[in-house]
Amino acid sequence: MKTFLAFAVRSVFANTMSGGKLYVCATAQNTDLDEAAFEALTWVQVKGVGSHGETGTNTNIINYDTWDTEFVQKSKGTSNAGDPEVELARIPADAGQVILRTAGDHFNKNNYAFKIVRNDIPVGGTVATTIYNRGLVTGPRTQHGRNEDFDLEVYTFALQQQQITTEAV
């Protein structure tokens, strides 16, 4: 009974992002990728991640009203895969951050692949949730702050395709 209760209690709590990891592929990926193509890439971990913004599909709702109806007609329009800001503790020699600096250069118009691996392997499981995205990189923007602020860089990922998520097992 205690094992069942422990599992039941654990399953209702949300996981934090603590222990998660962000990876980038150093090779430009300028066409849409499926799960197998993402999994075949060579990944470099980006160290020092402090915050990562929202990703996933955000679809516009378009409206059309006519004189002879009381309610607006609605439909789905185009979708945005996300434009998350990624905040990093600046580590000049970190291989992942070096790739992001190269990708973020104004003259670099290539898309890059990203992978987030969450720290959510279930009890008895073997695989964490993995989230794949692909898009442009801008930045870094640097924050200068006050005496006790950290040395940070902020990037924007302009994602270009539908997110692929593989759930923890």
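The numbered conditions (1) under 14 Å from the mean Cα position of the chain (by Cα); (2) farther than 23 Å from Ala28 by Cα are all true for Asn80 except (2). Here is the figure for segment 48-66: residues that are assigned to a loop (DSSP other than H, G, I, E, B), modelled with pLDDT of 95 or more and more than 20 Å from Arg134 (Cα to Cα) total 1. When segment 128-169 is filtered for residues that are open to solvent by 90 Å² or more (accessible area, probe 1.4 Å) and part of a strand (DSSP E or B), only Arg141 remains.
Restricting attention to segment 92-108, does a residue exist that is assigned to a strand (DSSP E or B) and out of contact with any helix residue (DSSP H, G or I) (no Cβ under 6 Å at 6 or more places or on another chain)?
The first filter runs over segment 92-108 and keeps only residues assigned to a strand (DSSP E or B), leaving none.
Scanning segment 92-108, I find no residue that is assigned to a strand (DSSP E or B) and out of contact with any helix residue (DSSP H, G or I) (no Cβ under 6 Å at 6 or more places or on another chain), so the answer is no.
The values are calculated or read from the model by the stated rules, or taken from the named source; none is laboratory data. All values derive from a computational prediction rather than experimental measurement. Don't worry about glycine lacking a Cβ; one is built from the backbone with ideal geometry, like all the others, and counts go over all protein chains shown. Side chains included, ligands, DNA and RNA excluded: accessible areas come from the protein's heavy atoms. Shrake-Rupley method; radii C 1.70, N 1.55, O 1.52, S 1.80 Å.
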